[in-house]
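> My questions all concern the structure below.
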Amino acid sequence: MKYSLWLCPPESSPSFVLLDSLLSDVSKSLLTERFVPHATLFSPVLADSDEDAVDQVRKYTKALAPGGIHVDIAALKTGNKYYQCIILEAIDSDSLLAANNAAREYWSAQSQPLFNPHVSVAYGQLAGEELNNAETLVRSMLPNNLQQLSFVAKEIRIVMTVGPCSQWYIAGRVPID
């Protein structure tokens with residue numbers, strides 16, 4: 001099975017409340033899939049079972065510095081990839097880049113495309129005027145200070161990401177000690 005490693009804002013944090021509300025409103029307005037606020041740290045983690053995936057991630061996290069991984073939001077962007085249609089671009093923080101580099105090394109994936117840290121706002125195949133209109137709508141929903149959406153992830157969620165988004169599930173959570 002294929003898993004992705006997600007960094008999520010703590011559910012009790014103001015950034016989670018703001019992001020979750022934003023994603024909910026965007027999903028309803030654009031009729032797009034609804035998902036949990038997250039930044040994908042790394043994918044794929046290939047494993048035979050959920051337990052195997054969690055075990056791999058536990059071993060991987062031993063290489064990470066304590067204190068969490070910083071996801072600092074910088075700008076709203078659009079793209080042409082389904083899972084990166086409308087995103088909140090994240091700054092290449094030291095902890096975020098180090099965690100991604102450690103994952104690439106741990107799973108022997110140094111040849112993967114360059115890391116593009118972000119929090120997705122909408123999945124979809126929007127283009128042209130439709131994408132421009134969606135971007136304008138999302139921009140109108142954002143707080144004036146995008147830093148309010150930044151967060152420090154204290155755990156890594158291991159998410160089984162095979163099939164449509166509605167079939168994805170959290171296979172486990174591993175704290176970043």
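> Does any residue in the range 134-146 that is under 15 Å from residue 21 (Cβ atoms) come within less than 7 Å, Cβ to Cβ, of a residue that is open to solvent by 30 Å² or more (accessible area, probe 1.4 Å) and assigned to a helix (DSSP H, G or I) six or more places away or on a different chain, and which pairs are these?
137/29; 141/25; 143/18
> Next up: For residue 129, are the conditions met, namely being of a type in the set (Asp, Glu) and touching a residue at least 60 places away in the same chain (Cβ under 8 Å)?
no
> Additional query: Quick one: would you say residue 156 is hydrophobic (A, V, I, L, M, F, W, C), touching a Gly at 6+ places or on another chain (Cβ under 7 Å), open to solvent by less than 40 Å² (accessible area, probe 1.4 Å) and in contact (Cβ under 8 Å) with a residue 24 or more places away in the chain?
No; evaluated as a whole, the condition is false for this residue.
> Looking only at the range 103-118, decide whether some residue is part of a helix (DSSP H, G or I) and buried (at least 19 other Cβ atoms within 10 Å of the Cβ).
Among the residues of the range 103-118, at least one is part of a helix (DSSP H, G or I) and buried (at least 19 other Cβ atoms within 10 Å of the Cβ), which makes the answer yes.
> I've got another one for you. Looking only at the range 14-23, decide whether some residue is at pLDDT below 95 and open to solvent by 20 Å² or more (accessible area, probe 1.4 Å).
Checked the range 14-23: no residue is at pLDDT below 95 and open to solvent by 20 Å² or more (accessible area, probe 1.4 Å).
> Here are the criteria: (1) open to solvent by 20 Å² or more (accessible area, probe 1.4 Å); (2) within 23 Å of residue 25 (Cα to Cα). Tell me which single one residue 98 does not satisfy.
Result: residue 98 passes all but (2).
> Can I ask one more? In the range 135-153, which residues are in contact with a Gly (Cβ under 8 Å, 6 or more places away or on another chain) and either acidic (Asp, Glu) or crowded, with 20+ Cβ neighbours inside 10 Å (or both)?
Of everything in the range 135-153, just one residue is in contact with a Gly (Cβ under 8 Å, 6 or more places away or on another chain) and either acidic (Asp, Glu) or crowded, with 20+ Cβ neighbours inside 10 Å (or both), namely 153.
> Being more than 16 Å from residue 149 (Cα to Cα) and either open to solvent by 70 Å² or more (accessible area, probe 1.4 Å) or of a type in the set (Asp, Glu) (or both): is that true of residue 55 here?
It is true that residue 55 is more than 16 Å from residue 149 (Cα to Cα) and either open to solvent by 70 Å² or more (accessible area, probe 1.4 Å) or of a type in the set (Asp, Glu) (or both).
The values are calculated or read from the model by the stated rules, or taken from the named source; none is laboratory data. This is a predicted model, so every value here is computed, not measured. Neighbour counts run over all protein chains shown; Cβ positions are idealised from the backbone, glycine included. Calculation scope for accessible area: heavy atoms of the full protein, side chains included, ligands and nucleic acids excluded. Shrake-Rupley method; radii C 1.70, N 1.55, O 1.52, S 1.80 Å.
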